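Worksheet for the structure shown next.
We did not get these values from a lab; they are worked out from the coordinates using the rules stated. Keep in mind it's a predicted model, so treat the numbers as computed, not measured. We place every Cβ from the backbone using ideal geometry, glycine too, and count neighbours over all the protein chains shown.
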Amino acid sequence: MPPQSAATEPKQYLTFLLGTETFAIGILAIKEIIEYGNPTEIPMMPDCVRGVINLRGAVVPVLDLHARFGRSPAAATKRTCNVIVEMGAHRQARVIGVIVDAVNEVIDISDADIEPAPDFGTRIRGEFIRGIGKVRGSFVIVLDVDKILALDELVTLDSIDASAHRDEPGSELSS
């Protein structure tokens, strides 16, 4: 049997829950998954930015995907965690934590099994959705990480980094 071409080979995705819905992010964007801890709040940030965490000495902004999608902020449970995502912006990588209700598993989805997002029926902005994946008889919402953090929000995140470094000597971030 001839080897599959790269275009038809399945790609790996990390699946996670937000409420009762299953979402997926391409595994290549995932840096790590860590236990949820209360982030240090930064004043005057949008509702979706919960604050920052100290990740091995680096200041990492933390986003609440519930709030980013226009829902009520997430309530932390035993299964809540931060998925640390690395995304490209302005030709340099940015590391961002996203709060999810629970991480499920890593799955393979081929591009042929990802349909375009419908124009109706989703409760999040259409540009955040790369498509709807069909996996084992159910659907998974495949997210576009780069679009979840639009350029204007990246400017806001840059100001978080600057603010956190300004407050560093006596702040919780320096611990």
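Suppose R0 equals 30 Å. What FRET efficiency, 1/(1 + (r/R0)^6) with r the Cβ-Cβ distance, do residue 95 and residue 75 give to the nearest 0.05?
0.75
Using θ = phi - 60° and the Karplus form 6.51 cos²θ - 1.76 cosθ + 1.60, what ³J(HN,Hα) does each residue of the range 52-68 get, whole Hz, x for Gly and Pro?
Once rounded to whole Hz, the list reads 9, 10, 9, 10, 6, x, 9, 7, 10, x, 10, 9, 9, 5, 4, 5, 4.
Along the range 73-78, what does the Karplus equation 6.51 cos²θ - 1.76 cosθ + 1.60 (θ = phi - 60°) give for ³J(HN,Hα), rounded to whole Hz, x for Gly and Pro?
x, 5, 9, 6, 10, 5
What ranking do 63-71, 32-40 get when scored by the average of other Cβ atoms within 10 Å per residue, highest first?
Top to bottom by mean Cβ count within 10 Å: 63-71, 32-40.
Applying a 10 Å radius around every beta-carbon, put 95-104, 53-62 in order of their mean neighbour count, most first.
Highest-to-lowest ranking by the protection proxy: 95-104, 53-62.
Can you give the net charge of the other residues whose Cβ lies under 13 Å from the Cβ of residue 75, counting K and R as +1 and D and E as -1?
Net of charged neighbours comes to +2.
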